[in-house]
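Engineer: Next up is a structure, given as structure tokens.
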């Protein structure tokens, strides 16, 4: 009996583990990706944390704390380098995919779970370099685990010990999730409503257990932030974020259509599969398939993801990522329901064809662009020319670092006026002030006295080099349709400090490099 159970367990595990291994191997080239602006900003805060500092106080950025501590963990484990940041994706996605497999299996069997994990893995790891290792992509793990735990609770009798245990686990994950972004409250609320709807009655014990665990986790993190004197800074973050979200909401439809068109190009095949769920489900039911009321939970999950998207009002690429798990489940459900109508031969043939297509999609986005670099036919700068986000050109960052490395020792300070924190991180330099990017010194929704604080810090310990950015137009974070070089002229004290102590020595791409006058 023991041997028989072991064989059954192995038969269930091997397909899942094989799929995970294939996805990770296919995604390995993401370790070579350059860090984007956001990733580098998180990394600089991670480095500051490892040195004993705190977010906001020692290094400023606008996300809640969990992302910074994840980055500190990755840098502590793998070192202060670009691949360490991308290891977060490779480490956190496998448990998320396993949880999605379990949800899919509950909805329609093992094949559905495997297809759902395959779809999510392929489309996630095919995202551009700026979207991976992001707050929203890493929040997929607690988000999917929240769905899994919520559905697990529903498999046990009402208010039973196991139901309450999984409700507590789901609540704790929900309390953690809202600390990635408060807007994730939409997803947390959706799973409370799903539980009430599935139970068909008020579930006081399970609901209170869920809410109590959520309050315990969220409240504990709040108590930690209060004890670390971070609440004032976090309120400034929340106020500033609300201000530029409101600016984006003024053109809600235009923003949705603009970014939605890009997302269609990225996810078109997945969206078509998900749209086929309704007709495929109806055909399957007519042919005798069993009804599955939990599909309503998936649609609730999708609607909560849309609420998360619209509440932020900006429709940035990463804001769509919470939609990926429910879309993958719907797409997998359509595939499984269609397969019920086919002969076994056609099921195998279509399954192999789709697996080959998904493999091609992922490899063409990861391994194929990296082959020239991996085989030595092109250098890192040539490889990084394949990556660009608006004005963000990573190969120019490499050229700036090539210039600085013989002149500035690792561990020394560097001042960058713009939003290019990767220069400090990749070079091993310390940002000269806690304002590693200039938008908190410019945008009207941040304290005006920060400008003086920034200048006072620079006067007290002048870095050997200061760098000014051109052509970096980011009105959504600065509030002005002008680049950093132009905006510098409006900060009289900072501009006076620069002119009194530095001289322009070179220009590399969009970077104006200035050397301290007393530096030999």
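Engineer: Just need a number here: residues in the stretch 189-202 that are in a helix (DSSP H, G or I) and free of Cβ contacts under 8 Å to residues at least 40 places away in the same chain.
Structural biologist: Residues in the stretch 189-202 being in a helix (DSSP H, G or I) and free of Cβ contacts under 8 Å to residues at least 40 places away in the same chain: 2 in total.
Engineer: Something else now. If residue 403 satisfies all but one of (1) modelled with pLDDT of 95 or more; (2) touching a helix residue (DSSP H, G or I) at 6+ places or on another chain (Cβ under 9 Å), what's the number of the condition it fails?
Structural biologist: Result: residue 403 fails condition (2) only.
Engineer: Looking at residue 377 and the list (1) buried (at least 16 other Cβ atoms within 10 Å of the Cβ); (2) in a loop (DSSP other than H, G, I, E, B); (3) not assigned by TED's automatic domain parsing to the domain that holds residue 504, which single condition is not satisfied?
Structural biologist: If we test residue 377 against (1) buried (at least 16 other Cβ atoms within 10 Å of the Cβ); (2) in a loop (DSSP other than H, G, I, E, B); (3) not assigned by TED's automatic domain parsing to the domain that holds residue 504, just (1) comes out false.
Engineer: Tell me, yes or no, whether the stretch 167-188 has at least one residue that is outside any helix (DSSP H, G or I), modelled with pLDDT under 95 and over 21 Å from the mean Cα position of the chain (by Cα).
Structural biologist: No; the residues of the stretch 167-188 include none that is outside any helix (DSSP H, G or I), modelled with pLDDT under 95 and over 21 Å from the mean Cα position of the chain (by Cα).
Engineer: So residue 367 clears everything in (1) modelled with pLDDT of 95 or more; (2) closer than 28 Å to residue 184 by Cβ except one condition, right? Which one?
Structural biologist: The number of the failed condition is (2).
Engineer: Specify the residue that is farthest from residue 509 (Cα to Cα); the eligible residues are those in the stretch 384-417 that are in a strand (DSSP E or B) and free of Cβ contacts under 8 Å to residues at least 60 places away in the same chain. Steps first, please.
Structural biologist: Looking only at the stretch 384-417, we keep the residues that are in a strand (DSSP E or B), and these are 389, 392, 413-417.
Pick out the ones that are also free of Cβ contacts under 8 Å to residues at least 60 places away in the same chain and you get 413-416.
Working: 413: 22, 414: 18, 415: 17, 416: 14 Å.
Result: 413.
Engineer: Would you pick out the residues in the stretch 71-95 that are touching a residue at least 40 places away in the same chain (Cβ under 8 Å), within 16 Å of residue 425 (Cα to Cα) and within 14 Å of the chain's Cα centre (by Cα)?
Structural biologist: Answer for the stretch 71-95, where residues must be touching a residue at least 40 places away in the same chain (Cβ under 8 Å), within 16 Å of residue 425 (Cα to Cα) and within 14 Å of the chain's Cα centre (by Cα): 85, 86.
Engineer: Go through the stretch 283-293 residue by residue and tally those that are exposed (fewer than 15 other Cβ atoms within 10 Å of the Cβ) and closer than 18 Å to residue 327 by Cα.
Structural biologist: Going through the stretch 283-293 one residue at a time, the tally reaches 1.
Engineer: Hey, another quick one. What residue, among those in the stretch 488-508 that are surrounded by fewer than 21 Cβ atoms within 10 Å (Cβ to Cβ), touching a residue at least 12 places away in the same chain (Cβ under 8 Å) and assigned to a helix (DSSP H, G or I), is farthest from the chain's Cα centre (by Cα)?
Structural biologist: My answer is 501.
Engineer: Against the condition assigned by TED's automatic domain parsing to the domain that holds residue 97, surrounded by fewer than 19 Cβ atoms within 10 Å (Cβ to Cβ) and within 18 Å of residue 101 (Cα to Cα), how does residue 296 come out, does it pass?
Structural biologist: The answer is yes for residue 296.
Engineer: Are any residues in the stretch 471-492 in contact with a helix residue (DSSP H, G or I) (Cβ under 6 Å, 6 or more places away or on another chain) and modelled with pLDDT of 95 or more, and if so, which ones?
Structural biologist: 488
Engineer: Follow-up. Quick one: residue 44 ticks every box in (1) part of a loop (DSSP other than H, G, I, E, B); (2) touching a residue at least 40 places away in the same chain (Cβ under 8 Å); (3) under 20 Å from residue 450 (Cβ atoms) bar one, so which box is it?
Structural biologist: Result: residue 44 fails condition (1) only.
The values are calculated or read from the model by the stated rules, or taken from the named source; none is laboratory data. Keep in mind that this is a model prediction, so the values were computed, not measured. Neighbour counts run over all protein chains shown; Cβ positions are idealised from the backbone, glycine included.
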